[in-house]
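Colleague: A single structure is presented below for examination.
The values are calculated or read from the model by the stated rules, or taken from the named source; none is laboratory data. In this text, all values refer to a predicted model and were calculated from it rather than measured experimentally. For neighbour counting, all protein chains shown are included, and Cβ atoms are generated from backbone atoms with ideal geometry for every residue, glycine included.
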Amino acid sequence: MGHSAERDEADTNRRVEMTSGNLAFAEAMRQINPDVVAAYPITPSTEIPMRFAEYVANGDVDTRYVAVESEHSAITACVGASVAGGRVMTASSANGVALMHEIFPIAASFRAPIVFGLVNRSLGAPVNIHCDHSDSMPERDSGWVQIYCEDAQEVYDTVMLSVRLAEHPDVLTPVFVCQDGFITSHCYEPVEFLQDESVRQFVGTREPRYPLLDVDNPVSYGSFTMSEHYFEIKRNQIEGLNNVSRVYRELSDEYVALSGREYPMIDRYMTDDADYVVVIMSSATGVVKDVVDDLRREGVRAGCLRVRMYRPFPSGEVREALSGKKCVAVLDRSASPGGVAPLAAEIKSALYMSPDRVPVFDYIFGLGGRDFFPDDARRVFQDLMDMRYEDGARYIGLLEEDD
Amino acid sequence: MVDTMNGTIEVRWHGRGGQGAKSASAVLAEVLFGEGKYVQSFPEYGAERQGAPIRAYNRVSNRPIRRRCGVQNPDIVVVVDPTMVESANPSEGCADDAIYLVNTPEDAGSLRRRLGLADSARVLAVDATRITIEELGQNRPNAPILGALSRVFSDVPAETFADHFTKKMKSLSPKALEANRRAILRGREEATLA
């Protein structure tokens, strides 16, 4: 991920500003200028609709902004606008996302290419405003693409890629652009923006295939289908997800040429020759990478694999990156109570067909915003080096009885 | 006083909700970003009420900053509210040679004795509350604190902080802007070091 500071000062496309994950998302929305935004603000994603509503009020965009009375209505309005043929965006978090749950599979089944800023926050109860992935993970089977970003720059760039990905005729699937609540959404840091004109050219305008408002070619959405066709419609939807990796690669190449920044579906850091690899997602990755550098200086062949695209899950790439390792730790920022946590389950599943059996250690960390420090990452690597395998997940940074 | 050539400098701010520690941390990040550094500024979000103790953080580096956890071992500690010198435990997690910048009427020497710091620690004391009451007629200690911080980031002149502040606060009246500029420069001049 090439960073701006190394780039040519004379580059006229260069606009680096201090901003946050939320405000970078809102700036991307301003530049994309969607047709409709319907939102019901909730912490920590509040700033996205708040800032965007300012753009609307000031006439910086010509978006129709729909203020609604609940998250359920917000996503419902988005689905209506999207099948009507509009380019549609929204944002939410935590229990707001949970309230939308009923509508997510409908959006996916209607092939409504909505781009959604999901700012990860723990699900109540107890009420907690801080980050974990317990809001987005329950939506993993809803038929949406899920991309998890590490920092504000990646949030911005991912919004651009997601508009094209969602609307691509071979994909036609809504996308969640996930970022960690507060840690990313409220951290103030430099982000390099594209020029408005470059964005306009990159995202183009939506060309809907079957818009509801095309009265010359009438179509019906939300109709009744019994067992004779439901299965086929679901199969079609699954094919849309299956096409994501090919289309994403094409878009990524195009975006690198424009921005100089590249985001593969998995981010491999020193994994090629690594003996021990920690697999993680989102903002906690930087701590692991810093510890990998420390361990490398000490002669330990450590590596870090960040899963950026969770749906569709890039199993082939993961298998290729992790096969032959001595052992692997998977760190989940959400639990699946009574089962294997979402990331660990995918990694184990991906590795099942690898020729050698790679031991996978599972960990749960960071629930409700519990911080994740370099010492925590180091202890995980130490478990790997000592081959201290345990059945079931271990907890990182959990207070025990004597704390 | 500090050197970002060898790694990342970490700053921890102690203030009270509504005092502007979060904004001061953001302004510091913007100024150092303007000087070509990589920066982060992030508050610790808790219950958001006026007067409650809050912490905010900065990281500053010549290289991209990857870690995004809270700051555990700050190189610089800024105490925005004089009543927090004891209650906030400003030296928590600090190395012996940490730098402390405190808003206090006390002089730096007696403050360092009171905090029980190691000989290698450096203490900057500035009566930011008094300066802003005199210049702005209000207790808004950020401007002199930022001025005093320009002595910590010694390669950044106080004028840069003042210019940035003026640009950022352009909605203020020219009179208020000029008062803030004086408060920043006075913060730099009047801070005592021990």
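Colleague: Taking the range B:30-77 as the region of interest, how many residues are over 18 Å from the mean Cα position of the chain (by Cα) and buried (at least 23 other Cβ atoms within 10 Å of the Cβ)?
Modeller: Looking only at that region, the number is 2.
Colleague: Scan the range A:253-271 for residues that are out of contact with any Pro (no Cβ under 7 Å at 6 or more places or on another chain) and under 17 Å from residue A:314 (Cβ atoms) and report the count.
Modeller: Qualifying residue count for the region: 8.
Colleague: Keeping to the range A:41-85, report how many residues are in a loop (DSSP other than H, G, I, E, B), acidic (Asp, Glu) and in contact with a helix residue (DSSP H, G or I) (Cβ under 9 Å, 6 or more places away or on another chain).
Modeller: Residues in the range A:41-85 being in a loop (DSSP other than H, G, I, E, B), acidic (Asp, Glu) and in contact with a helix residue (DSSP H, G or I) (Cβ under 9 Å, 6 or more places away or on another chain): 2 in total.
Colleague: So the check is Cβ under 8 Å with 6+ separation or different chains; which pairs have a first residue in the range A:353-382 that's at pLDDT below 95 and a second one that's crowded, with 20+ Cβ neighbours inside 10 Å?
Modeller: Once the first residue is at pLDDT below 95 and sits in the range A:353-382, its partners that are crowded, with 20+ Cβ neighbours inside 10 Å give A:354/A:322; A:357/A:351.
Colleague: Next up: Among the helices (runs of 4 or more DSSP H) lying completely within the range A:278-368, list those that include at least 2 residues that are touching a helix residue (DSSP H, G or I) at 6+ places or on another chain (Cβ under 8 Å) and closer than 30 Å to residue A:243 by Cα.
Modeller: Because the criterion is at least 2 residues that are touching a helix residue (DSSP H, G or I) at 6+ places or on another chain (Cβ under 8 Å) and closer than 30 Å to residue A:243 by Cα, the helices (runs of 4 or more DSSP H) in the range A:278-368 that meet it are A:315-322, A:342-351.
Colleague: Looking at B:88, B:98, B:125, B:108, which one is aliphatic (A, V, I, L, M) and more than 21 Å from residue B:53 (Cβ to Cβ)?
Modeller: Unique residue meeting the criteria: B:108.
Colleague: Looking at (1) surrounded by 19 or more Cβ atoms within 10 Å (Cβ to Cβ); (2) under 15 Å from the mean Cα position of the chain (by Cα), find the lone condition where residue B:111 falls short.
Modeller: It fails just one condition, (2).
Colleague: Sticking with this one: Taking the stated definitions as given, is residue A:362 under 24 Å from residue A:123 (Cβ atoms) and of a type in the set (D, E, K, R)?
Modeller: Yes, satisfied.
Colleague: Something else: Scan the range A:209-225 and give yes if some residue there is away from chain B (no Cβ under 14 Å), surrounded by fewer than 18 Cβ atoms within 10 Å (Cβ to Cβ), farther than 28 Å from residue A:109 by Cα and not hydroxyl-bearing (Ser, Thr, Tyr), otherwise no.
Modeller: No: zero hits.
Colleague: Continuing with the same structure: Looking only at the range A:173-187, decide whether some residue is at positive phi, surrounded by 24 or more Cβ atoms within 10 Å (Cβ to Cβ), modelled with pLDDT of 95 or more and assigned by TED's automatic domain parsing to the domain that holds residue A:251.
Modeller: Among the residues of the range A:173-187, at least one is at positive phi, surrounded by 24 or more Cβ atoms within 10 Å (Cβ to Cβ), modelled with pLDDT of 95 or more and assigned by TED's automatic domain parsing to the domain that holds residue A:251, which makes the answer yes.
Colleague: Still on this structure, please answer the following. When residue A:60 is evaluated against the numbered criteria (1) surrounded by fewer than 24 Cβ atoms within 10 Å (Cβ to Cβ); (2) under 23 Å from residue A:167 (Cα atoms), which criterion, by number, is the only one it fails?
Modeller: All conditions pass for residue A:60, except number (2).
Colleague: While we're looking at this one, here's another question. Among the listed residues B:55, B:67, B:59, which satisfies the condition of being farther than 29 Å from residue B:189 by Cβ, among the basic types (Lys, Arg) and without any contact (Cβ under 8 Å) to a residue 60 or more places away in the chain?
Modeller: Just a single option satisfies the conditions, and that option is B:67.
Colleague: Listed residues A:232, A:197, A:228, A:167; which is more than 24 Å from the chain's Cα centre (by Cα) and under 20 Å from residue A:83 (Cβ atoms)?
Modeller: From the options A:232, A:197, A:228, A:167, the qualifying one is A:232.
Colleague: Do you know which of the residues in the range A:263-277 that are of a type in the set (A, V, I, L, M) and not in a strand (DSSP E or B) is nearest to the other protein chains (Cβ to nearest Cβ)?
Modeller: A:270
Colleague: Looking at residue B:139 and the list (1) surrounded by fewer than 19 Cβ atoms within 10 Å (Cβ to Cβ); (2) out of contact with any strand residue (DSSP E or B) (no Cβ under 7 Å at 6 or more places or on another chain); (3) under 27 Å from residue B:34 (Cα atoms), which single condition is not satisfied?
Modeller: Against the list (1) surrounded by fewer than 19 Cβ atoms within 10 Å (Cβ to Cβ); (2) out of contact with any strand residue (DSSP E or B) (no Cβ under 7 Å at 6 or more places or on another chain); (3) under 27 Å from residue B:34 (Cα atoms), residue B:139 comes up short only on (3).
Colleague: Give the number of residues within the range A:86-106 that are part of a helix (DSSP H, G or I) and touching a Gly at 6+ places or on another chain (Cβ under 8 Å).
Modeller: 5
Colleague: Quick one: would you say residue A:307 is β-branched (Val, Ile, Thr), surrounded by 20 or more Cβ atoms within 10 Å (Cβ to Cβ) and either free of Cβ contacts under 8 Å to residues at least 24 places away in the same chain or in contact with a Leu (Cβ under 7 Å, 6 or more places away or on another chain) (or both)?
Modeller: Yes: the conditions hold for residue A:307.
Colleague: Follow-up. Looking only at residues that are crowded, with 19+ Cβ neighbours inside 10 Å and in contact (Cβ under 8 Å) with a residue 40 or more places away in the chain in the range B:85-107, which one is nearest to the chain's Cα centre (by Cα)?
Modeller: Among those that are crowded, with 19+ Cβ neighbours inside 10 Å and in contact (Cβ under 8 Å) with a residue 40 or more places away in the chain, it is B:101.
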